[in-house]
1. For region 104-148, how many residues are surrounded by fewer than 16 Cβ atoms within 10 Å (Cβ to Cβ), under 21 Å from Q220 (Cβ atoms) and at pLDDT 95 or above?
2. Would you check which residues across region 191-214 are assigned to a loop (DSSP other than H, G, I, E, B) and at pLDDT 95 or above and list them?
3. Take the residues in region 155-182 that are of a type in the set (A, V, I, L, M) and either surrounded by fewer than 18 Cβ atoms within 10 Å (Cβ to Cβ) or farther than 17 Å from P283 by Cβ (or both); name whichever of them is nearest to the chain's Cα centre (by Cα).
4. Looking only at region 136-179, how many residues end up being of a type in the set (D, E) and on the phi > 0 side of the Ramachandran plot?
5. Just to be sure I understand the filter: pairs with C-beta atoms under 6 Å, separated by 6 or more residues or on different chains, first member in region 164-184 and touching a residue at least 24 places away in the same chain (Cβ under 8 Å) and closer than 17 Å to R202 by Cα, second member small (G, A, S) and surrounded by fewer than 18 Cβ atoms within 10 Å (Cβ to Cβ). Which pairs pass?
6. Go through region 72-99 residue by residue and tally those that are under 29 Å from P150 (Cα atoms) and assigned to a strand (DSSP E or B).
7. Checking the conditions here, which among A209, A216 is touching a residue at least 12 places away in the same chain (Cβ under 8 Å), touching an Asp or Glu at 6+ places or on another chain (Cβ under 9 Å) and of a type in the set (G, A, S)?
8. In region 32-59, how many are assigned to a strand (DSSP E or B) and free of Cβ contacts under 8 Å to residues at least 60 places away in the same chain?
Amino acid sequence: MKRYNPTLLKEEDNAYPDLFKRSPYNPIITAKDLPYPVHTIFNPAATMYEGKTLLLARAEDRQGFSHLARATSEDGITEWTFDKKPSIVAEPDLFPEETWGIEDPRITYMEDTKNWIIAYTSFSRKGPTVSIAFTEDFVKFDKQGAIMPPDDKDAALFPKKINGKYYLIHRPYSDGHKAHIWLSSSLDLKNWGENQILLNARNGGWWDANKIGISAQPLQTEEGWLILYHGVKSTASGAIYRLGLALLDIDNPFIVLKRSNDWIFEPEYDYERFGDVNNVVFPCGWILDEETGMVRMYYGGADTSIDLATAKLEDLLNYIRKCPKPIEDD
């Protein structure tokens, strides 16, 4: 598999300079790196824990079922340490919604409860649904079960209460309809209401037409809540997963202030274009270094590897400031 070579693409030759720069170490994790057999590893959630970068990634076995694998690193790039066995596994006897595995986590450190909450997809016989689990040490995980009915996935929590309520971004879907990004609120993390469409999947030839979903957890900034999301375009040769940005009001996340018309990141290199699912870049987590202002985005490449790209937060904010207010594309 060809690794990324930063000399292949010069920014001055690119009409659309990349906000995110790929790591020259990509792919930073593949299936062969784990201490036990897996088919693939991808779509990692990301957070900081005890001074180290911690990833919870989706790992798929040869039966076709997924579990979550923990990886830690001092520099967030190299020398990853893994649990010797799957870190979080499906427990269908206790949680029937996990019958066909668990997938695509997002990690949020919740300020008021002082713990981490993992929102993940449980794959039930009736379709995917959103589940959550609590942890204080990433060793013991207190599963809460499903919090949404199927079909629903691509869920992430905001890191604190806003006006006394928790907020969850998620993506319900039904056959024959477009897949939009929704926002819901809760007083107790169990019962959810105020369900509203937050971002519409656009129509026609747009890069994010018909199917969109949240990527990494919401990031609090001086401008508002910065949202990274994926859009899927269907082409004659298959789907292409690309990334865009949106900005939400800091006090009322139902208000979308800005939304990018262009995609900001797309599959370009072999490890993103060829794999179990071709042409996919799929982040489930990013980390902001408060001291340097750098954002590290961890993403799955082609459902086959874990990769890294970095951006300056100020560059992301400068970009989204120039984006238009969203207009619903009916």
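1. 1
2. Residues of region 191-214 that are assigned to a loop (DSSP other than H, G, I, E, B), as a first pass: 191, 200-201, 203-208, 210.
Within region 191-214, N191, N200, A201, W206, W207, D208 qualify.
3. First, pick out the residues of region 155-182 that are of a type in the set (A, V, I, L, M): 155-157, 162, 168-169, 179, 181.
Those still in the list that are either surrounded by fewer than 18 Cβ atoms within 10 Å (Cβ to Cβ) or farther than 17 Å from P283 by Cβ (or both) too: 162, 168, 179.
Values: I162: 21, L168: 13, A179: 16 Å.
Taking the candidates together, the pick is L168.
4. Going through region 136-179, the residues of a type in the set (D, E) turn out to be 136-137, 142, 151-152, 154, 175.
Subset that is on the phi > 0 side of the Ramachandran plot: 154.
Qualifying residue count, region 136-179: 1.
5. Pairs that qualify, where the first residue is touching a residue at least 24 places away in the same chain (Cβ under 8 Å) and closer than 17 Å to R202 by Cα and the partner is small (G, A, S) and surrounded by fewer than 18 Cβ atoms within 10 Å (Cβ to Cβ): there are none.
6. 1
7. On the way: A216 fails: touching an Asp or Glu at 6+ places or on another chain (Cβ under 9 Å).
That would be A209, the only listed residue that is touching a residue at least 12 places away in the same chain (Cβ under 8 Å), touching an Asp or Glu at 6+ places or on another chain (Cβ under 9 Å) and of a type in the set (G, A, S).
8. 2
The values are calculated or read from the model by the stated rules, or taken from the named source; none is laboratory data. These figures come from a predicted structure and were not determined experimentally. Backbone-built Cβ (ideal geometry, glycine too); neighbour counts: all protein chains shown.
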